[in-house]
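Coordinate-derived values only; no laboratory data. Because the structure is predicted, anything quoted here is derived from the model rather than measured. In this analysis, Cβ positions are derived from the backbone assuming ideal geometry, glycine residues included, and neighbour counts consider all displayed protein chains.
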């Protein structure tokens, strides 16, 4: 019963653990899932995005980010910054208002909710009476005007949200001032627009949905003038000098009305329907902006011809003779125009258009002719094609980093040179201590290289593997370039493109060697591409090799997809990673594991049928090994034969979900199930059941017939997919005897088998002359037969073997070859250490048998101490199927810490997790967002930024080039260092990551060091 | 070796419905055949065996190796019939002089478990007495037992399932449910895990110790409270080689009967609880703590291509040679099969010891009846 005993409580170790491990979710990268509202503060130069799940995110200069979450899980409908303050008001779809503020604490700004408020009408009033449709923060900084569905405008005082009932502008009050002809049928209409006079804070404009617009005098409580249009009103824009208003309507027209208090204008000055004459959709929002040059900008959303372009999501910009309808691939949520913020300036002079679409944010430079887009430094649409895999590489050498950036910059020539216009706040975070790359593989056959060093996840380079293959889309490529003289003048913008030409192109595994610049990429149809970084464009043929993983196994038929047809002959590749070898597995099943050893110039790949080794120096296949169990028919037939069962299981799980929802609703609200005493009838449950729809009930009955049950059965050798190769690993170790070490390749399968091959790699000088050969040296069958998810060799000092070329580049000590090596095999259920070369079990940790969780991801990480500069330990970072993250010590396999990280139901989140080499990690919280977490006390990448309300600057808008004020240049030097690495600003090596660390007194350090030594001794 | 010969011979006998018998006495082998469909009487078989071995004047016991490599006795018509019909395709028969024969040598793992010798010696006296009175429990492989009766509440039952060497599936299903607990605040409903179904013919059903709607409380000493159905499933499967489940049986009738007795006595009644008791008495002797700890099955390690002749030609297609390299060596094959049939109870070390003895003198291997070395056909399953 030893194993049930708790490990001894060692206070020194516990203290050390606190110095090594700490769990933090630090920052969310990517684009918010399901955005629902956009806000912008011209004075703070900060952008806010609200989501349907009640989150608000604020973005300023790169590195300046804030996130807040409403307690209610309701969609954010509107966001309004209060003029001249570090505060904002959000409106949720439950009609509640929330006041948030950025407060400075300890030198860093924090976003927090101060107050919340729901507008209540008198008892008995219809709910629509207080349903807020428009919010106007008044420039007096203490009043909020709230337009409602009933047509009344309520006034509340901030920050207390006190309703000033005497100032309410009721529709009846407005009616008194209107002439007879305007009064008819215009009583119960909702407020569509509320605007403050651009020059005179004593006047506000109220627009009602049926077409009436009035200007209200706040002091005199009277209508100054009114405008009556024949069409439903959608929105209003007030010219900067206040002399003109522009209204937009549901029929796709917009009208201009001159404002003067003495004459009442029955007819608009000018009315136009930009995409007429056929019926058009509504223009839902319009901006009318003046320029120094004279001609104004008209920017509006919608208004497209209903029949032919009604399904497009467009923002149109009209200026002078330039007219463009920016066409987005996803629904436009909202947009805003960045213009001169100084109220004293005579013209708007818009410089950028910011469009929040459902799946991405697009910023258009309005100053450069042609209106090119600006590349955002953050808010990247990670999911422009669905992410299929990810791979993280820590500590990239400067040389490779620069080459990747250079290759990427050539892909970005279509972007504007404008500086990122949203640049409020100051990032105080220290510059990232090292350069990290996150590589994401996508469904459309691309690999994206992201700068994951700091808070901003920035796209560096995009690699497409499609050119290697012949695809159906090639023929239609010429068709897409259509005539220029098209009306409406549509122009596609944005990168979101969820449609994959061919699912077989999807990337499944990526392996980058950061020292040599070799990259291996493997995909859905068994393709393995080897790529080399080349700074020049080149045209060459890709060597094609077929790897027959079934070898001479007879009588099997692959029913899955065909392999991809490769292009014959030379192909032109742009500068960057260029493919030179294509290995295609036969049968073309998805590649499930990949390993590259750049020192030996070997690449190993595995599928559900077996694995192979390829020598990319000599471009020759070394061997293939079939791992199939003869009875595993399912693996042989390919994925198609499983479609039915997948569908079935999906259906079942949906039913199950519904059932669990129903059953959970049966519980009385608020009380724990334990409080229900037996035998007492539960009125709640009865009510709920009758309230449930009939469909649900029948579903429930079906489920009662087949309850959720699980079969308890030991795994046998005959189970399906036992041959599925889960992991591949290269190691230079003692495979045959304890006196000679040699290169080796290790492969672990789904059925708990580990194969070890000893390799003979010729020395470098004869590398081209002699062949590499391999022979099987060992085969280990784990008796518990759980899938092998990780293999690792520890050297004589129990330290994981270094990566290839790491020692050659002097970045790691040579591994200890004197002491005996150990083999660590991680299966989904157990961690097991074996001695080498005689593979006898030495230690194990049974995870599943003890707690019922299974290993989903495992990675080796180096944990540095936050107290002692050069102290660190190597451990295993483990993610389980329950979403817990654990640290398991090496080599003794003692669980160190455990944190719950991901919800256990979030299967895709768990599947997407990657660990870095320094105790951080990433996982997808939505298709478009990575959550970054840290297990280490030392390596913490999180936003630290300051937004100072006292120093709200009177910005001049940035021009193209460097006409930025001197004060600003100082503030941004740090950012430009981290963003544009060309200057070599980044310090190589391990710079301290935490500011607080240097503040510790020396005595504390000494004490910690002594404990560390004591622990080791 | 002469593999092809064996194979063809086997096939020929198989075709005409005959069972090839390989009988071993000491170091001597005899081969003969029997009709699979009409094996005849045990008495005749006994006469035949002693005749072929020319040991008519000695009292012998006869045993055979079953498909799991266990040595089982042949001493009546029924088990003789079973032995012949289950021979696949070869029937290996072992003969021992009766005075030498230890009646305890039959049973599960008898062909592979060597470390149990100590146990045998210690329990010898006790066992002989046990042998006299009732039946011969050692003729049977334990498949399940009730353990820890002395420390558990009487409403609970801790059942150990031995899947070791047994071809039967564990064979049960579990589900979510709610159970009622007595607490200081009264009765409370709490979620629980229940046995939902038994697979007919499965190990769980055949023991009779588990039943549908029994609540599962612990798996191998770990409480399942607060764990999800999937977690409990994973725990049970991870422990499936030696599964110990603590249940609260849905049928509490037997417990009430038992509690009315003075505790600790081995039952004399005729109800099922009593039979459990006798089983228990037997098994508890077997379950010394050492065995509880060594429940782990050892992993199989195969050293591939150690001999120089197996190194494939450096040029050409090394891949295909490689895959076959293992298959051709008898030592390797023996090793695999041994590993297969050793039922994983030994440590790796003992496998290696076995292997080295095999290598040094092939005839040595005859002492150990190697479970189906050549006969398993070309497909080697691991």
Length gained, residue A:719-residue A:770, 0.36 nm per residue minus C-alpha separation, equals 14.3 nm
Which FRET efficiency value, to the nearest 0.05, do you get for residue A:497 and residue A:619 by plugging their Cβ-Cβ distance into 1/(1 + (r/R0)^6) with R0 = 30 Å? 0.30
Order these peptides, A:899-911, A:297-309, by their mean beta-carbon neighbour count within 10 angstrom, highest first. A:297-309, A:899-911
Give me A:509, A:559 sorted ascending by neighbouring Cβ count inside 10 Å, so fewest comes first. A:559, A:509
Please find the FRET efficiency linking residue B:225 to residue A:942, where r is the Cβ-Cβ separation and R0 is fixed at 25 Å, and quote it to the nearest 0.05. 0.10
Quick check on the exposure proxy: order A:835, A:733 from fewest to most C-beta atoms within 10 angstrom. A:835, A:733
Mean separation of Cα contacts under 8 Å (at least 6 apart) over the residue count of the range B:18-97, i.e. the relative contact order in percent, is 40
From other protein chains only, count the Cβ atoms within 10 Å of every residue's Cβ in A:781-788, then give the mean. 4
Inter-site label distance for residue A:131 and residue A:562 at 7 Å from Cα along Cβ, in nm: 5.6
Give me the inter-chain shielding for A:823-829: mean count of other chain Cβ atoms within 10 Å, whole number please. 1
Need one number: nm distance between label points at residue A:809 and residue B:206, each 7 Å from Cα along Cα→Cβ, rounded to one decimal. 6.0
Please give the contour-minus-distance gain from residue A:94 to residue A:816: 0.36 nm per residue of separation, less the Cα-Cα distance, rounded to one decimal in nm. 253.5 nm
Relative contact order as a percentage, the range A:854-947, C-alpha pairs under 8 Å and 6+ apart, gives 24
Sequence gap at least 6, Cα distance under 8 Å: using those rules, report the relative contact order of the range A:229-381 to the nearest whole percent. 14
At 7 Å along Cα-to-Cβ for each site, give me the label-to-label distance between residue A:116 and residue A:869 in nm. 4.9
Could you tell me the distance between the Cα centroids of the range A:134-213 and the range A:757-830, to the nearest Å? 74
Count, for each residue of A:841-849, the Cβ atoms from other chains sitting within 10 Å of its Cβ, then give me the mean as a whole number. 4
For the range A:835-869 and the range B:187-254, what is the centre-to-centre distance using only Cα atoms, to the nearest Å? 30
Which FRET efficiency value, to the nearest 0.05, is calculated for residue A:18 and residue A:838 with the Förster distance at 45 angstrom and r the Cβ-Cβ distance? 0.70
Extension gain from residue A:232 to residue A:219, taking 0.36 nm per residue of separation minus the Cα-Cα distance: 1.8 nm
Please report B:82, B:97, A:87 as a ranked list, fewest other C-beta atoms within 10 angstrom at the top and most at the bottom. B:97, B:82, A:87
